[in-house]
1. Do any GluC sites (Glu not before Pro) in the stretch 111-168 lie in a loop, going by DSSP, with at most 14 other beta-carbon atoms within 10 Å of their beta carbon, and if so which?
2. Test of understanding: ordering I3, I131 by Cβ neighbours within 10 Å, fewest first, what list do you get?
3. Considering only DSSP beta bridges whose two residues both sit in the stretch 9-189, what percent are antiparallel, to the nearest 5?
4. Hey, in the GNM for the chain with a 10 angstrom Cα cutoff, which one of V119, V154, V177 fluctuates hardest?
5. Near K116, which lysines are there with a Cα under 27 Å away, not counting those fewer than 8 places off in the same chain?
6. Under 28 Å between alpha carbons, and skipping anything fewer than 8 positions from K172 in its own chain: which lysines qualify?
7. So how strong a dipole does the stretch 9-189 carry about its Cα centre when Lys and Arg Cβ are +1 and Asp and Glu Cβ are -1, to the nearest 20 debye?
8. Can you pull out the GluC sites (Glu not before Pro) in the stretch 1-82 that DSSP calls coil and that have at most 10 other Cβ atoms within 10 Å?
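Every number here is computed from the coordinates shown, using simple stated rules; none is lab data. For clarity, every value in this text was computed on a predicted model and none was experimentally measured. Neighbour counts are summed over all protein chains in view; Cβ atoms, including those assigned to glycine, are modelled from backbone coordinates with ideal geometry.
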Amino acid sequence: MEIVHYPHPILARELKPVRKIDQSLRDTVREMFDLMYQAEGVGLAANQVGLPIQLFVMNPTADPDQPEEEQVFMNPIITRRFGEMRVVNEGCLSFPGLRIDVSRPEGVEFRAINLKGEVVRNKWKGLRARIVQHESDHLFGTSFFQRADISGNVSANTALEAMRETYRQALKEGTAVTEEMVDKLLAQQA
Ligand code: ZN
């Protein structure tokens with residue numbers, strides 16, 4: 001398992017709901033946390049490791065020594081956004097080195113399934129709400145830069161174009177994951 005980078009096509013897809021919680025899924029979650037900590041992230045969505053399922057992990061401390069802060073959410077639905085719009089400089093593990101100011105509501109109410117298969121409901125503000133919005137977006141094919149107006153942001157556009165060029169090269173060399181491969185992966189998950 002490894003973190004995939006923009007513009008890997010799975011990052012632009014709506015993923016499939018999780019239907020079964022088993023040991024293999026729990027192992028996947030553990031591996032995702034490990035990758036997230038290595039990359040010093042606070043959240044990681046399943047498509048960021050090439051998996052077609054609606055699942056994300058988070059730990060707002062980014063600290064593996066605080067496992068009590070770990071959360072796993074499947075099939076999340078944000079039921080309400082509330083509070084002021086806040087601008088936060090966000091990063092994303094699928095966009096190494098890129099930081100963009102993104103405006104989002106400061107609070108969310110959402111429900112999801114946890115790793116025990118229970119329905120959980122949370123109402124959060126601040127960093128946790130920020131992570132839930134960023135990661136839930138991933139599960140429906142939206143990346144953070146699409147939540148911002150970057151038309152005048154030369155450095156962001158340059159960085160994105162460099163990532164697209166890297167992908168085009170990999171396509172030519174036959175080492176990239178293609179749209180068709182992702183179609184197949186999603187069809188298998190249904
Ligand atoms: Zn992200």
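1. E118
2. Exposure proxy ranking, most exposed first: I3, I131.
3. 95
4. Judging by the Gaussian network model, the answer is V154.
5. Within reach: K16, K20, K125.
6. The qualifying lysines are K184.
7. So the dipole magnitude of the stretch 9-189 works out to roughly 660 debye.
8. Working: sites: E2, E14, E31, E40, E68, E69, E70; in loops: E2, E40, E70.
When the GluC sites (Glu not before Pro) of the stretch 1-82 are filtered for loop state and at most 10 Cβ neighbours within 10 Å, E2, E40 remain.
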